[in-house]
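Q: Pasting a structure here, questions to come.
The values are calculated or read from the model by the stated rules, or taken from the named source; none is laboratory data. Bear in mind that the values here come from a model prediction, so they are computed numbers and not experimental data. Note that each Cβ is placed from the backbone with ideal geometry, even for glycine, and that neighbours are counted across all protein chains shown.
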Amino acid sequence: MMNNLAYIWMIAVWLLPVSAFAQEHTPDDLLSSQFHRERREALRAMMPGNSVAVFFANPVRNRANDVDYIYHQDPNFYYLTGHREPHAVLLIFKDKQRLNGKSYDEIIFVRAHDALRELYEGARLGKAGAKKALDFKVALEGPDFESYNIDFSKFDKVMFYDFEGDVRNTEEAGDLYDLIATFKKKANYPDKAPGTLTLEPHQNNLDTQTLDSLMQQRRGIKQPEELALLRKAVTISAIGQREVMKAMHPGMSEAEVQGIHEFIFKKYRAEYEGYPSIVGAGHNGCVLHYIDNYKPSIEDGELILMDLGAEYHGYTADVTRTIPVNGKFSKEQKIIYDLVYKAQEAGRAMCKEGATFADIYLATANVINQGLVDLGIYKSTDKEDMMDSRTGRNRYYPHGCCHHIGLDVHDKGETDTLKANMVITIEPGIYIPEGSPCDPKWWNIPVRIEDDFLVTQAGCELLSDEAPRKSEEIEKMMQQSSPFDQIALPAIE
Ligand code: GLY
Ligand code: MN
Ligand code: MN
């Protein structure tokens, strides 16, 4: 809630009519309501007989006092509705239901209109808007969920994602807290045993397992409309990498490099970063998900690892480039870089319909492990010689190689058999932190190369090819001048 001072200030500053806060200029290439309706229909077709699937919007997270984190819809909820507002619940029924003499097989409860809140936050859809904009025959307001006449015990399965118990109760009636509490009461959701976080996957007719497997199947295969948005997100991210290659020089800060990428995302109207941007120079690049981006002055001779993804209309890329800050790989850096590149190419050669994530990982790991043996960095490819006993992982290639991308950076999708129109990453890496048990000349070399691929029947299409990948191509790109070279700002204390 806003404190009084903030209210007075904001009301004083913004003496504009409420209509001025309606969301104007919404992008014209958002997914259509028809797309989302068809996703609901496809899910319904896969649902077991006499079942209902229940989805809740993401919670609002408080950042401090009266400031919340930027709201981001739950990807399943967005996929199925296109609704971008919080405090909502969606029910999809396998079979037709009746309400006030009307037949329906899906219903959404959304926030009620509230002129004062809309003055601050912008227009809400409301139930009439939800029907129209989201293409629902039946839409009600959050507070109506309590009196909504539904007997969950009549379904063979009530499918939902279990609750983490971390949703705040706000002052607004029918908020997410109330919707969950009402659902629990109506569906006979039991008190959990003390200390347990989740329900048994199947308890009476409550089922917290099946829905995720259905969503994996649905979301893993991208529709043409989704592919168009993903291609855009990936291209924007790859252009960011390319422009940073031109702008990079020693003395820049990690945050400044992050800023150039994210400026380019915004320049192309990507709304968000798909995950916190990872920009680590030298040793920091060895921290797999380093997001502090604190280093004030990147040093001549260091590598910088940059793992960033633009999120465009909900769909996120995931692209990593590792480049020499001074524009030229050292001998050791180039050897390691080229080995990772060779591993990625081996993974790419495996990537086609019918392959598995494990096949691709193995292809990359074989190249990396043997290469590190040949360089004398590992003693042998025996598991014990390659393992770091503290983490239980391969010492220098300690992570997986593939995941789906889409509405999540680690998107839902099956991993056992690749199918056409899946979009995945291939991201081998070698990270050799200072103090590693090898010749110190290899220390502080972190390399990850991560690209995004569309799986096809015959193979795969590289989507992130706007950003050079080969060491020679990167060096060449880094010789080009950059518009960011011209930016000079006054020094401050
Ligand atoms: N950016 C996180 C990852 O590559 O999986
Ligand atoms: Mn990734
Ligand atoms: Mn990544």
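Q: Taking only pairs six or more apart or across chains, which ones have beta-carbon atoms under 9 Å, a first residue in the stretch 421-436 that is under 22 Å from Ser389 (Cβ atoms), and a second residue that is of a type in the set (Gly, Ala, Ser) and within 16 Å of ligand 1 (Cβ to nearest atom)?
A: Gly429/Ala343; Ile430/Ala343; Tyr431/Gly285
Q: Can you find a residue that is touching a helix residue (DSSP H, G or I) at 6+ places or on another chain (Cβ under 7 Å), surrounded by 24 or more Cβ atoms within 10 Å (Cβ to Cβ) and under 17 Å from Pro324 (Cα atoms) anywhere in the stretch 266-279?
A: Scanning the stretch 266-279 turns up at least one residue that is touching a helix residue (DSSP H, G or I) at 6+ places or on another chain (Cβ under 7 Å), surrounded by 24 or more Cβ atoms within 10 Å (Cβ to Cβ) and under 17 Å from Pro324 (Cα atoms).
Q: Determine, yes or no, whether Glu106 is closer than 24 Å to Pro48 by Cβ and among the charged types (D, E, K, R).
A: Here the answer is yes, as Glu106 does meet what is asked.
Q: OK, next. Checking the structure you have, find out if any residue of the stretch 134-150 is over 26 Å from the mean Cα position of the chain (by Cα) and β-branched (Val, Ile, Thr).
A: yes
Q: Further question: Quick test for you: out of Ala128, Ala173, Ala112, Ala193, pick the one residue that is at pLDDT 95 or above, among the hydrophobic types (A, V, I, L, M, F, W, C), part of a loop (DSSP other than H, G, I, E, B) and surrounded by fewer than 16 Cβ atoms within 10 Å (Cβ to Cβ).
A: Ala173
Q: For the stretch 440-456, state whether one or more residues are within 16 Å of ligand 1 (Cβ to nearest atom), in contact (Cβ under 8 Å) with a residue 60 or more places away in the chain and out of contact with any Ser or Thr (no Cβ under 8 Å at 6 or more places or on another chain).
A: Within the stretch 440-456, none of the residues are within 16 Å of ligand 1 (Cβ to nearest atom), in contact (Cβ under 8 Å) with a residue 60 or more places away in the chain and out of contact with any Ser or Thr (no Cβ under 8 Å at 6 or more places or on another chain).
Q: Okay, moving on. Starting from residues that are β-branched (Val, Ile, Thr) and within 16 Å of ligand 3 (Cβ to nearest atom), keep the ones in the stretch 406-444 and report whichever is surrounded by the fewest Cβ atoms within 10 Å (Cβ to Cβ).
A: Restricting to residues being β-branched (Val, Ile, Thr) and within 16 Å of ligand 3 (Cβ to nearest atom), the top hit is Val409.
Q: How many residues does the stretch 131-169 hold that are out of contact with any helix residue (DSSP H, G or I) (no Cβ under 7 Å at 6 or more places or on another chain), surrounded by 12 or more Cβ atoms within 10 Å (Cβ to Cβ), farther than 16 Å from Phe55 by Cβ and not charged (D, E, K, R)?
A: Looking only at that region, the number is 1.
Q: Could you check the stretch 326-431 for helices (runs of 4 or more DSSP H) lying wholly inside it with 2 or more residues that are touching a Cys at 6+ places or on another chain (Cβ under 6 Å)?
A: Output list reads 357-374.
Q: Please specify each residue of the stretch 312-325 satisfying the condition of being part of a strand (DSSP E or B) and touching a helix residue (DSSP H, G or I) at 6+ places or on another chain (Cβ under 8 Å).
A: Tyr312, Tyr315, Thr316, Val319, Arg321, Thr322, Ile323, Pro324
Q: Moving on. Select from the stretch 382-422 the residues that are over 28 Å from Gly354 (Cα atoms) and touching a helix residue (DSSP H, G or I) at 6+ places or on another chain (Cβ under 8 Å) and list them in ascending order.
A: Listed by number, the residues that qualify are Met386, Arg395, Tyr396.
Q: Identify, please: which residue in the stretch 303-332 is within 14 Å of ligand 3 (Cβ to nearest atom) and among the charged types (D, E, K, R) and is, among those, surrounded by the fewest Cβ atoms within 10 Å (Cβ to Cβ)?
A: Here the answer is Glu311.
Q: Please specify each residue of the stretch 369-406 satisfying the condition of being more than 15 Å from ligand 1 (Cβ to nearest atom) and of a type in the set (A, V, I, L, M).
A: The answer is Leu372, Val373, Leu375, Ile377, Met386, Met387.
Q: Among all residue pairs at least 6 apart or on different chains, which show Cβ distances below 7 Å where the first residue, located in the stretch 221-240, is within 23 Å of Arg39 (Cα to Cα) and the second is of a type in the set (Gly, Ala, Ser) and not in a loop (DSSP other than H, G, I, E, B)?
A: Ala233/Ala310
Q: For the stretch 208-236, how many residues meet the condition of being buried (at least 21 other Cβ atoms within 10 Å of the Cβ) and either assigned to a strand (DSSP E or B) or acidic (Asp, Glu) (or both)?
A: Of the residues in the stretch 208-236, 1 are buried (at least 21 other Cβ atoms within 10 Å of the Cβ) and either assigned to a strand (DSSP E or B) or acidic (Asp, Glu) (or both).
Q: Further question on the same structure: Look at Glu256 and say whether it is away from ligand 3 (no atom under 16 Å from the Cβ) and part of a helix (DSSP H, G or I).
A: Considered against the rule, which asks whether it is away from ligand 3 (no atom under 16 Å from the Cβ) and part of a helix (DSSP H, G or I), Glu256 comes out as yes.
Q: Return yes when Val447 is of a type in the set (A, V, I, L, M, F, W, C), over 21 Å from Ala355 (Cα atoms) and either surrounded by fewer than 22 Cβ atoms within 10 Å (Cβ to Cβ) or within 16 Å of ligand 3 (Cβ to nearest atom) (or both) and no when it is not.
A: It is true that Val447 is of a type in the set (A, V, I, L, M, F, W, C), over 21 Å from Ala355 (Cα atoms) and either surrounded by fewer than 22 Cβ atoms within 10 Å (Cβ to Cβ) or within 16 Å of ligand 3 (Cβ to nearest atom) (or both).
Here's the yes/no breakdown for (1) away from ligand 2 (no atom under 15 Å from the Cβ); (2) among the acidic types (Asp, Glu); (3) touching a Pro at 6+ places or on another chain (Cβ under 9 Å); (4) in contact (Cβ under 8 Å) with a residue 60 or more places away in the chain:
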site	(1), (2), (3), (4)
Ser277	no, no, no, no
Glu302	yes, yes, yes, yes
Thr316	no, no, no, yes
Asn326	yes, no, yes, yes
Ser330	yes, no, yes, no
Ala346	yes, no, yes, no
Met350	yes, no, no, no
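Q: Further question: Can you tell me which residues in the stretch 361-413 are touching a Lys or Arg at 6+ places or on another chain (Cβ under 8 Å) and more than 16 Å from Ile430 (Cα to Cα)?
A: Listed by number, the residues that qualify are His404, Gly406, Leu407, Asp411, Lys412, Gly413.
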